[in-house]
Amino acid sequence: DEKTIIELYDDYLIAELIKEDTMTVKQFGAKGDGSTDDTLAIQTALNYCGTVEFPTGTFMVDAETSILPNNDNILILDNDCILKAITNSNTNYAIIKIQNKNNITITGGKLLGDKDTHTGSTGEWGNCIELRNANNITLKNITLTKGFVLNDSSNSISPATVGTPTRFP
């Protein structure tokens with residue numbers, strides 16, 4: 001993929017990931033196959049570089065753990081990319097949780113909660129994105145289906161309407 005160096009040395013595979021300004025979640029092991037838990041690979045990518053691209057695919061996210069962007073992260077989702085919550089029974093979860101962070105941009109794609117497959121019988125706090133004390137958060141050309149929370153934040157999400165699905169132009 002032109003971003004890794006792979007070498008075989010005395011029967012050992014040696015690989016070095018070259019850090020670039022923009023990298024894809026697949027470079028960190030995310031599958032996007034609709035069944036593999038991609039949470040750790042996505043989080044590792046966000047911790048490693050500032051701008052992370054998500055190609056076409058369905059990336060399964062453990063919404064009990066959540067994806068936690070860092071200050072100044074940019075997430076660029078292909079229009080045919082879905083971040084989907086792994087079915088759970090929790091009363092409170094979020095696919096992406098942004099708390100006490102600044103300057104984060106999320107563009108494109110779709111976030112899909114587990115409302116239709118949820119195994120719990122109580123709770124109403126399953127969210128696509130949860131923002132708490134988050135500032136300068138930009139959501140653009142993204143569809144949020146099955147939940148959204150915005151609390152105590154100053155963000156660029158207007159004009160927007162909340163509903164299911166919600167599309168931020």
Response to the item:
Picked from the range 41-55 (must be modelled with pLDDT of 95 or more and more than 11 Å from the chain's Cα centre (by Cα)), the residue nearest to Asn88 (Cα to Cα) is Pro55
Discussion item. Taking the condition of being open to solvent by 50 Å² or more (accessible area, probe 1.4 Å) and either aliphatic (A, V, I, L, M) or in contact with a helix residue (DSSP H, G or I) (Cβ under 6 Å, 6 or more places away or on another chain) (or both), how many residues in the range 34-50 meet it?
Written reply: 2
Discussion item. Given the condition in contact (Cβ under 8 Å) with a residue 60 or more places away in the chain and either open to solvent by 10 Å² or more (accessible area, probe 1.4 Å) or within 12 Å of Leu111 (Cα to Cα) (or both), answer yes or no: does some residue in the range 51-58 qualify?
Written reply: no
Fill in: the range 82-112: number of residues that are open to solvent by less than 10 Å² (accessible area, probe 1.4 Å), within 10 Å of the chain's Cα centre (by Cα) and within 17 Å of Ala45 (Cα to Cα)
4
Practice prompt. Look through the range 3-33, keep the residues that are of a type in the set (Gly, Ala, Ser) and at pLDDT 65 or above, and return whichever of them is surrounded by the most Cβ atoms within 10 Å (Cβ to Cβ).
Written response: Ala30
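The values are calculated or read from the model by the stated rules, or taken from the named source; none is laboratory data. In this text the structure is predicted, and so the values were computed from the model without any measurement. Heads up, the Cβs are rebuilt from the backbone with ideal geometry, glycines too, and the neighbour counts pull from every protein chain shown. Ligands, DNA and RNA are stripped out before the accessible areas are found, and what is left, the full protein with its side chains, is counted by its heavy atoms. Shrake-Rupley method; radii C 1.70, N 1.55, O 1.52, S 1.80 Å.
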